[in-house]
Structure formats: structure tokens, C-alpha cells
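The block underneath contains the structure these notes are about, expressed in C-alpha cells.
Every number here is computed from the coordinates shown, using simple stated rules; none is lab data. Small disclaimer: the values here were computed from a predicted structure and weren't measured. Quick reminder, even Gly has a Cβ in these numbers, built from the backbone with ideal geometry, and neighbours come from all protein chains shown.
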Amino acid sequence: MNSIARYDVVVIGAGPSGSIASALLKRRGWRVLVLESQRFPRFAIGESLLAHCLDFVQEAGMLEALEAHGFQYKDGAAFVRGAEYSDIHFAEQFSKGFDHAFQVDRASFDKLLADEAARQGVEIRYEARVTKFDNTGTRPTLTVTDNVGKEYEVESAFVLDASGFGRVLPKLLNLETPSHFPVRTALVTHVADNAPLGAFDRAKVQIVVHPNHSDVWYWIIPFPNNRSSIGCVAPPEFMAAYPEPAERRLKALLAEDPFMSRVLANAQWDTVVRENSGYAANVRAMHGKGFALLGNAAEFLDPVFSSGVTIAMRSSSLAAQTLDKQLRGESVDWDRDFEFPMRKGIEAFRVYVEAWYDGRFQKVVFAKNRTPTISRMICSVLAGYAWDESNPFVAEPERRLNMVADLCG
Ligand SMILES: Cc1cc2nc3c(=O)[nH]c(=O)nc-3n(C[C@H](O)[C@H](O)[C@H](O)COP(=O)(O)OP(=O)(O)OC[C@H]3O[C@@H](n4cnc5c(N)ncnc54)[C@H](O)[C@@H]3O)c2cc1C
């Protein structure tokens, strides 16, 4: 083994939560190392961003680079169910915040954020897989395996686990608990959609409900150059009734919906179809001695409202603030300062996700008689501002949503 390298903070993973957290801590003057198991660029799922993301990209000093990159501009979301269509525009939201976001191929987006963090002085080691964690001493130690299988140790004052679906510390420390949600499966790929101009609104993610099964839905996330990410989410037992392999299965599912069939009539399939199952995850605690969990390493709800990257980045911002105080010797309470506030917004999203699958949210979003005020408040949640408690649909999500669903019903 090499002699032990010492850092103020070590971050596991260079996805969005790892890059934002590491840059925020570096900007506050700390010596930060990111350990990333893969080589970038690499494929990742989660391509439709919410407006609130941009607050954290800006806080980390990366907004200019992001705006300059040429990602697909996104101004809201559209919902389709048979002949029904409803859209929301971030510019009309109740909360103060960004009126747009982007739809991004994550290989480029994640590389851009990681490169920006590195440009600001964060040390990033690729092909460095964290395999062990020891927090029995005064400072936590990580064991890392490099690209030729050599092991070494890294010591720091604190570890942030931003390993996403890798869930390094939840697994090593036995922190995982079952999610509130049943297992669902997503089939996902990228296509050259070749959709004619005006076939659909490319500035919005399209969320399309299956014509006969309200708990089965599709997405189209348009990118520039007539390319799109497309996917279908359904219970695994529903998917199992369709032919294999994954590409045939996805094509068969898409053929059942008139909107998806129309938009993708001339699509060219040129990318492998990936299957992703049982992604919903939770933990019994988001922090412990010498560590905190960011983004998907802590929890993941569901893809329907594109909330994953926003929750991930918000956790980075809050953890960086709390950790900065701790490293300066100030008193912090990780429950009060990090976990409880994080869980507040996650809980708001949870209510909306649950309401999507049991039909209440679909009732509201397709209702013709929704008032503009209510639309603006719901729009804010869908723009990611799920921590703005001046919004009644955030402060009391369940009660407000039930009230409106009853009225719309
Ligand atoms: C089907 C589906 C669709 C989705 N769609 C959206 C969407 O449209 N919008 C949205 O916002 N979110 C979406 N999400 C969620 C989104 O994918 C995640 O919320 C987001 O990527 C979380 O970011 P992160 O930084 O926490 O983790 P990740 O992006 O997963 O990054 C984690 C990094 O850690 C690295 N790592 C893992 N293990 C180790 C290890 N042992 N050592 C070192 N490094 C390691 C990985 O290589 C990876 O680079 C979707 C999720 C699913 C399942």
C-alpha cells in the first residue's frame, strides 16, 4: 500500500451531486478529492433537468459553461393522454426562480460539470473505485482500487458519498431501507427521432400516459439535432408480457400509444436499449460519523417528474454548507441542518409521485377547470422548487392535492 494521502473532504463519485458538492467545498477553501470509478464521458440516465437545478449550477460557478454548451433548452413539461394534452411553463411558476432548464445527454453534462469542478481546483481521480470505508478512528479512511487493480488508502476529515446507484456507503454500512414505492422497470434508449417540425414541443419533456394503463407511461426528452431520449416505465410483471429482447419490447410498448407512434414514425434506432429495474431506494439515515450521503446514494423516488438531479444537487449544496461550518469548528447538527430539510422537499415530491400512479395527479394535470393560481403553484413543484414552503402545494402537498383532485374529479 502507498502512504496515506490526506484531504479535508473526499467525495465518492463524479456525477452531478459529486461535482457540485466538490466545487462548492473547493470554493470555500477546502482540499477536496473526488474518486470516480469510471472514465468520463460515460452513459448515465436522467436527462431532463428542472429549473431549480440551475440555482446550484450557478452557486458552483458553472452556469456560464452550461449555458454556452448548446444543450436543448427546456421551458416546461407536457403531459399527453390519448387526445388530452396539458403543458406547464416554468416561466409561469409561483416561486421565484429560473424559468428554464436543459435537456442533456448525461455523458456530456456530467463531463462538463466534472471538468468545471477540476478547473476550479478539485482533484478528480477517474477509474478509482472505492471498496471499503472505515470510520472507527478519528478520521474516516477509504480503500480505493485503481485501474490496474492496485489498492491504496485515502484519509480525510469527512466523506461525502455521491456514488448514485452505486450506493457505496449505504451498502457497506448497511443503511439501505426499502423504498415507499413498488418495483418498476424502465426501458430507455436514444434515437434519431426524425420527427417533422412541429410534431411536438421540443422545449418540453413529453410525459405520455399509456392509453389503457394509467400506471404505465412513456417519455420523450428531445435533444438537439433531432435526437431524443425515449423510454417506457411499467411494473415488471406488465413488461414481462411483451416479447424480448429489450428493443423489441420497447417497440411493442410504443406501438400501443398513438402519440408515441406518430412522433416516432420515422425514428432511426441506433443505440442499445437499456433496462433499469428496481431503482427506487431509501436509507435509514443520510449521515453518520464522518460521512453524509448525497443524491441517489441516499434516496431515489421515481423518474416521472425528473426530480433526481435536482434533489441530488440540492443535497450537495446543503451538505457543503453544513460541512463547511463543521470544518471551521462551528457547531452543526446534521439532522437539523441537512437531513430534515432535505427530507422535506423529497417528501413533497413523494406525494406527487404517489398521486401520479394512483391517478390523482393525472386528474389534476388534465383538468380543464384548474385555476391559474393553482396551476402556478403546481408548476413550481414541477420546476423543482419543492422546498419553497410559501407555496401551499409544498407546505401541505397531500391535503392541497387531494382538495384539487376532488374539485377536478
Ligand atoms: C429510468 C430513470 C430515469 C431518470 N430520469 C431522470 C430525469 O429525467 N431527470 C432527473 O433529474 N433525474 C432522472 N433520473 C434520476 C437520475 O438518474 C439521478 O437522480 C442522478 O443521476 C443522481 O445523480 P448522482 O450524482 O447522485 O449520481 P450518479 O449520476 O449516478 O453519479 C454517481 C457516480 O458515482 C460513481 N460511482 C459509483 N460507485 C462508485 C465507487 N464504488 N467508487 C467511485 N465512484 C463510484 C459512478 O460511476 C457515477 O459516475 C432518472 C432515473 C431513472 C432510473
Could you run through segment 157-173 and say how many residues are closer than 19 Å to Lys26 by Cβ, surrounded by fewer than 24 Cβ atoms within 10 Å (Cβ to Cβ) and near the ligand (Cβ under 9 Å from one of its atoms)? 0
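If I ask for residues that are under 12 Å from Arg125 (Cβ atoms) and near the ligand (Cβ under 9 Å from one of its atoms), which ones from segment 23-45 would you list?
Restricting attention to segment 23-45, the residues satisfying the condition of being under 12 Å from Arg125 (Cβ atoms) are 32-40.
Within segment 23-45, Val34, Leu35, Glu36, Ser37, Gln38, Phe40 meet the criteria.
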Kindly indicate whether any position in segment 314-331 is near the ligand (Cβ under 9 Å from one of its atoms), crowded, with 23+ Cβ neighbours inside 10 Å and under 30 Å from Lys74 (Cβ atoms). yes
Conditions first: (1) more than 9 Å from the ligand (Cβ to nearest atom); (2) outside any loop (DSSP other than H, G, I, E, B). Thr136 passes all but one, so which condition is the exception? (2)
With the requirement that a residue be in contact with a strand residue (DSSP E or B) (Cβ under 8 Å, 6 or more places away or on another chain) and under 15 Å from Asn282 (Cα atoms), what does segment 319-351 give you? Glu339
Looking at Arg125, is it within 15 Å of the ligand (Cβ to nearest atom), surrounded by fewer than 20 Cβ atoms within 10 Å (Cβ to Cβ) and closer than 13 Å to Tyr7 by Cβ? yes
Filter segment 177-210 for residues that are exposed (fewer than 15 other Cβ atoms within 10 Å of the Cβ) and in a loop (DSSP other than H, G, I, E, B); which is nearest to the ligand (Cβ to nearest atom)? Val183
Selection from segment 351-402 of residues that are buried (at least 22 other Cβ atoms within 10 Å of the Cβ) and either assigned to a loop (DSSP other than H, G, I, E, B) or at positive phi (or both): Ala383, Gly384, Tyr385, Ala386, Asp388, Asn391
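Quick one: which strands (runs of 3 or more DSSP E) lie wholly within segment 226-313 and hold at least 2 residues that are within 16 Å of the ligand (Cβ to nearest atom) and out of contact with any helix residue (DSSP H, G or I) (no Cβ under 8 Å at 6 or more places or on another chain)? Walk me through it before giving the result.
Values: elements: 227-234, 274-277, 291-293.
Hits in segment 226-313: 227-234.
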Out of everything in segment 211-223 that is assigned to a strand (DSSP E or B) and of a type outside the set (A, V, I, L, M), what residue ends up being nearest to Val364 (Cα to Cα)? Trp217
Return yes when Ile346 is of a type in the set (Val, Ile, Thr), farther than 23 Å from Phe158 by Cα and under 22 Å from the mean Cα position of the chain (by Cα) and no when it is not. yes
